[in-house]
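The values are calculated or read from the model by the stated rules, or taken from the named source; none is laboratory data. The shown structure was predicted, so the numbers you read here are calculated from the model rather than taken from an experiment. Neighbour counts run over all protein chains shown; Cβ positions are idealised from the backbone, glycine included. Only protein heavy atoms, including side chains, enter the accessible area calculation; ligands, DNA and RNA are left aside. Shrake-Rupley method; radii C 1.70, N 1.55, O 1.52, S 1.80 Å.
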Amino acid sequence: MELNKLTAHELHQLLIDKKISAVEITNAVLDRIDQSEKSIGAYITVTREHALDSARTVDKKIADGQSIGVLGGIPIAIKDNICTKGIKTTCASKILENFVPPYDATVIQKLRAENPIIVGKANMDEFAMGGSTENSGFHVTHNPRDLERVPGGSSGGSAAAVASDEAIIALGSDTGGSIRQPASFCGVVGMKPTYGRVSRYGLVAYASSLDQIGPITKDVTDCAHVLNAIAGHDDMDSTSTAAPVPDYTQSLRVDVKGLKIGLPKEYFAAGMDSEVEQSIRNAASEYEKLGATIKTISLPHTDYAISAYYLIAPAEAATNLERYDGVSYGVRIDGVDVVDMMKNTRTALFGAEVKRRIMIGNYALSAGYYDAYYLKALKVRTLIQNDFVEAFKDVDVILAPTAPTPAFKIGEMIDDPLKMYLQDVCTVPLNLAGLPGISVPCGETSTGLPIGFQLIGRALDEETLIRAAYTFEQR
């Protein structure tokens, strides 16, 4: 039995039946990391001894007759922009290469109560800015399904770790599709919860009004279990919602009869890969056979989402990244005075994509351009939010492609930022509107590359998304 290939809920049953131990599971995953990391590069840091110590603790609990949760003893990869006390958190940036947080993010605190096994910090695009994990300050991550292709981004390391069985589950963050798009490219499940459903305290900020932490898993059942563990109000995060958290595993049932599913015509635009479009339409037909109603809908301001996003997100990033100046923490490049030191530090240690977005953001916020660009983008954001409000008067969920293409080749788009940004066309509207979305595998191309669709739900209605996703997955 290859333990690293199993899901968390399957391993949990074996653990409580005392057929395997947490140490055996952890060793299976660590062995897989040893075998695969040279070719895949999913991790920045592997916490071998920490993981084995945690596994021994779980085994002792079981031996002592204590109960463990579904995530107890389960190896997990954490995206490297989520603070972990005593474990390096670099954001895949040279400027934070040696930064060790003195505290845990709230999601890590919540997870530690469940006793999962943190096996490492996953690679990512630097400061979560990118859609391919080629912008990491350390190395490129390769797609486990085709090593010549990207795993997506910015949570590419998290998705690649799960897809290659180098982790059983993972956490990522999603600012404009950074959980869903890698999940689609790697053939796994990825959920972006409603904005505010999961605490952002301890998540290194990229764009504070858009960022959200969420799970990347092998199936929908594991996704529900992880969301159960990390969701909920947090006094340390002023944007955290106080809405009660349901038990998402109660939504793991095969039932979409009477569910009204919208197909937004704007998401099937020119330039979409024909095999991706066909897979999404096949999924819609499958839902119809299962008793759902399919309806074509319009989200008329979708065409403006990319433009609005790439003004709002860089503007917030420019503000959030001011703190990386070589003064308080992080790596420092000396200069003749403090201004020279800051310039040297940021010039040498920020990557090209981070610099690009800082410059775009500062330009959009500058005197004379604020009203013309940033303020107008915020107004467009409101229009996009209103589109979804109107759509959800007629449908329960929205079905759309996660990405317009399957995984592209490494190096194919890295020198064409605009082409890369357009990869986010299907995912950024949800972040602008603060809505939940889940990406689920729905097929493969003729060359064997994974294709995923995303289901989009009303705010705080992750339950319907999980039920619809689970129904399709089980079918």
Practice problem: Name every residue in the range 437-471 that is more than 27 Å from Gly196 (Cβ to Cβ) and either open to solvent by less than 20 Å² (accessible area, probe 1.4 Å) or over 16 Å from the mean Cα position of the chain (by Cα) (or both), in order of residue number. | Solution: Cys442, Gly443, Glu444, Thr445, Ser446, Thr447, Gly448, Leu449, Pro450, Ile451
Self-check item: The lone exception for Lys419 - which of (1) within 23 Å of Asp303 (Cα to Cα); (2) buried (at least 20 other Cβ atoms within 10 Å of the Cβ) it fails
Solution: (2)
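Conditions (1) in contact with a Ser or Thr (Cβ under 9 Å, 6 or more places away or on another chain); (2) farther than 24 Å from Thr106 by Cβ; (3) open to solvent by 10 Å² or more (accessible area, probe 1.4 Å), marked per residue:
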| site | (1), (2), (3) |
| --- | --- |
| Thr141 | yes, yes, no |
| Pro144 | yes, yes, yes |
| Ala160 | yes, yes, no |
| Ile169 | yes, no, no |
| Asp174 | yes, no, no |
| Met191 | yes, no, no |
| Ser199 | yes, no, no |
| Leu210 | yes, no, no |
| Thr217 | yes, no, no |
Exercise. Find the residue count for the range 232-246, including only residues that are under 21 Å from the mean Cα position of the chain (by Cα) and free of Cβ contacts under 8 Å to residues at least 60 places away in the same chain.
Key: 4
Quiz item: Among the listed residues Phe99, Phe127, which satisfies the condition of being open to solvent by less than 10 Å² (accessible area, probe 1.4 Å), in contact (Cβ under 8 Å) with a residue 40 or more places away in the chain and over 20 Å from Ile169 (Cα atoms)?
Solution: Phe127
Exercise. Kindly establish whether Ala243 is exposed (fewer than 15 other Cβ atoms within 10 Å of the Cβ) and under 17 Å from Lys192 (Cβ atoms).
Key: yes
Practice problem: Considering only residues that are of a type in the set (D, E, K, R) and buried (at least 16 other Cβ atoms within 10 Å of the Cβ), look in the range 336-373 and name the one that is farthest from Gly137 (Cα to Cα). | Solution: Arg357
Quiz item: Within the range 254-296, which residues are surrounded by 19 or more Cβ atoms within 10 Å (Cβ to Cβ) and in contact with a Phe, Trp or Tyr (Cβ under 8 Å, 6 or more places away or on another chain)?
Solution: Val256, Leu259, Ile261, Ser279, Ile280, Ala283, Tyr287
Quiz prompt | Boolean, Ile82 is touching a residue at least 40 places away in the same chain (Cβ under 8 Å), surrounded by 20 or more Cβ atoms within 10 Å (Cβ to Cβ), of a type outside the set (Phe, Trp, Tyr) and closer than 22 Å to Phe127 by Cβ | solution = yes
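Can you list the helices (runs of 4 or more DSSP H) found entirely within the range 261-370 that contain at least 2 residues being touching a Leu at 6+ places or on another chain (Cβ under 8 Å)? Even if it seems obvious, please write down each step before you answer.
Numbers: elements: 274-289, 305-320, 338-349, 352-365.
Passing ranges, in order: 274-289, 305-320, 352-365.
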Quiz prompt | Residue among Ile410, Ile333 that alone is out of contact with any Asp or Glu (no Cβ under 7 Å at 6 or more places or on another chain), at pLDDT 95 or above, crowded, with 16+ Cβ neighbours inside 10 Å and of a type outside the set (Ser, Thr, Tyr) | solution = Ile333
Exercise. Return the total of residues in the range 422-475 being among the small types (Gly, Ala, Ser) and modelled with pLDDT under 95.
Key: 0
